[in-house]
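Please read the structure below before turning to the comments.
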């Protein structure tokens, strides 16, 4: 039975605590080792269809996995943090971040999007895919996207999205017979 493999990009080279959702940020110099670690988590994947966020941190990994042609999909981009992008979390005014963190599912950062919006665009993308019994699917993406998909797959409330860890370079594999869309 084919599977959906959700792969989070490897660790970016950014200041700790930086809000970088939609920003294109470079990867650490240790990327080649991280790429090998991702490969070690994947089974032999033939045939496979590959989809990637347009962020360079994902697209580079998608291409370097050499699993086949890569289809770039805007819906797989990380949450848009709007005016918070490029700021340290400690620099974001608490009067903005506190209400958002109390209801990140439905509230959006200024100029950004809510987690529900991210969830809806990701499920729209997955619902539009042509699923078949012959192809595994790889989605190289971000932690927010992976959390939204895992919540949908497991019928979990979106507010529980941060109840589980999604590490840099982690592969989360889901059986396609459980797909929610």
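Each reported figure results from applying straightforward, stated rules to the coordinates on display, with no laboratory input. The structure presented is a predicted model; accordingly, all values stated were derived computationally and were not measured. Cβ sites come from the backbone with ideal geometry, for glycine too, and all protein chains shown count toward neighbours.
A Gaussian network model of the chain, with springs between Cα atoms under 10 Å, assigns the largest mean-square fluctuation among 161, 75, 36 to 36. Counting only the backbone N, which residues of region 1-42 are under 17 Å from the spot 7 Å out from the Cα of residue 91 toward its beta-carbon? Only 13-26 fall inside the zone, counting backbone N under 17 Å. Ordering 113, 95 by the number of other Cβ atoms within 10 Å of each residue's own Cβ, fewest first, gives 95, 113.
DSSP beta bridges confined to region 3-178 are antiparallel in about 35 percent of cases. Note on residue 42/residue 101: beta-carbon distance plugged into 1/(1 + (r/R0)^6) with R0 of 25 Å gives a FRET efficiency of 0.15. Maximal additional length on extending the residue 130-residue 168 stretch stands at 10.9 nm, based on 0.36 nm per residue less the C-alpha distance. A helix-only calculation puts the chain at -9000 deg cm²/dmol for mean residue ellipticity at 222 nm, using -39500 (n - 2.57) for each DSSP H run of at least four residues, averaged over all residues.
Relative to the current alpha-carbon distance between residue 33 and residue 160, full extension at 0.36 nm per residue lengthens the span by 42.6 nm. Taking other C-beta atoms within 10 Å as the exposure proxy, 164, 81, 104 rank 164, 104, 81 from fewest upward. Counting only the backbone N, which residues of region 130-163 are under 15 Å from the spot 7 Å out from the Cα of residue 176 toward its beta-carbon? Backbone N within reach: 130-139. For the chain, a Gaussian network of Cα nodes joined below 10 Å ranks 64, 136, 163 by mean-square fluctuation, and the top entry is 163. Using a Gaussian network model of the chain in which every pair of alpha carbons under 10 angstrom is joined by a spring, one finds that among 16, 32, 47 the greatest mean-square fluctuation is at 16.
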